[in-house]
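The values are calculated or read from the model by the stated rules, or taken from the named source; none is laboratory data. A quick note: this is a predicted structure, and the numbers were derived from the prediction, not measured. Counting neighbours? That spans all protein chains shown, and the Cβs are built from the backbone with ideal geometry, glycine included. Protein only, heavy atoms only, side chains kept; ligands, DNA and RNA dropped before computing areas. Shrake-Rupley method; radii C 1.70, N 1.55, O 1.52, S 1.80 Å.
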Amino acid sequence: MTDTMDRKPNLVISTGAGMSAESGIRTFRDAGGMWEEYPVMQVASADGFRADPALVHRFYNARRRDLFKAQPNEGHRILASLEDRFNVEVITQNVDDLHERAGSHNVLHLHGELTKVRAMDDPSLLFTLTEDNPDTDPHTVIDGHKVRPHIVFFQEDVPNFALATEIVEQADIFVIIGTSLSVYPAAALVRYVRPGVPVYYIDPNPAAVPAGIHVIRAGASEGLRKLAGILGVNA
Ligand code: APR
């Protein structure tokens, strides 16, 4: 029996900070990006958290407050609408919840989630912060547990990467949006695409990628409108 496509095609989308740029969320390595203003190893690494946990809590409190003021952009909404025609799986490096708020149902966060903190003594215990209660510090206790940002710091493992590779191996179409492809292992996801599966890369200032990848030199919203046209979907 041949594998007739009697199911929706699997559309796997890997997104980075550029996906949320049009929502006013700063990227990291563009001009004016986050890492120009903050020493990344002090505010986003395991060593930095050990050295000055209060600074790291404050850094993520500020980003969380910005996120509560932000809205999904047209790119997030187009991506969510593709679920009508495809089995869409989003694998994101982003810690914002804009994909979810735009209506995407299958979102796998590789680097954590800004709206959540987790118990220091039980990493599986997550607590969701709200706009009314956005901040934590090293002394915050929730349900009897001290908490830390539910973020994968540099120098820490990426626990969801193995699952992400399994999802990419099932892709019928793979799309990369808004990432400089400079952080591993996320940047290596494209290596798990089966031979012959089309790969698209949407970015206004794309990183160098192997031949054969269809580069759409545009921002997320414009690029996704173009991609929807290529895929035969009215977005
Ligand atoms: N639409 C799409 N892409 C955009 C837009 C836009 N409007 N504006 C900028 N970009 C692109 C940039 O050209 C760049 O390629 O988004 C990318 C942002 O790259 P980075 O700032 O390096 O962000 P990212 O690749 O997601 O960083 C990966 O590094 O610091 C860590 O954990 C952090 O998840 C982050 C990881």
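The label-point distance for Val40 and Gln71, in a model that sets each label 7 Å from Cα toward Cβ, rounds to 3.2 nm. Length gained on full extension, Asp143 to Asp47: 31.9 nm, using 0.36 nm per residue less the C-alpha separation.
In whole angstrom, note down how far apart the Cα centers of segment 1-59 and segment 159-205 are. After rounding, the separation between the Cα centres reads 14 Å. Computed over the chain, relative contact order equals 23 percent, with contacts defined as Cα pairs under 8 Å that lie 6+ residues apart. Each DSSP beta bridge with both residues in the chain is either parallel or antiparallel, and the antiparallel ones are about 35%. Rolling a 1.4 Å probe over the heavy atoms of the protein chains gives segment 76-235 an accessible area of 47 Å² per residue. Label-to-label distance, Glu156 versus Arg58, with points set 7 angstrom from Cα along the beta-carbon direction: 2.0 nm. Ignoring ligands, DNA and RNA, please state the percent of accessible area on the chain from carbon and sulfur, probe 1.4 Å. Whole-percent figure for carbon plus sulfur exposure: 51.
Take every Cα pair under 8 Å whose residues are at least 6 apart in sequence, average their separation, divide by the length of segment 75-160, and the relative contact order is 25 percent. Taken along its principal axes, the alpha carbon cloud of segment 1-145 reaches lengths of 59, 39, 29 Å, longest axis first. Taking 0.36 nm per residue of sequence separation and removing the Cα-Cα distance, the Ala31/Glu169 pair yields an extension gain of 46.3 nm. Evaluated with a Cβ-only charge set (Lys, Arg +1; Asp, Glu -1), the chain carries a dipole of roughly 420 debye about its Cα centre, given to the nearest 20.
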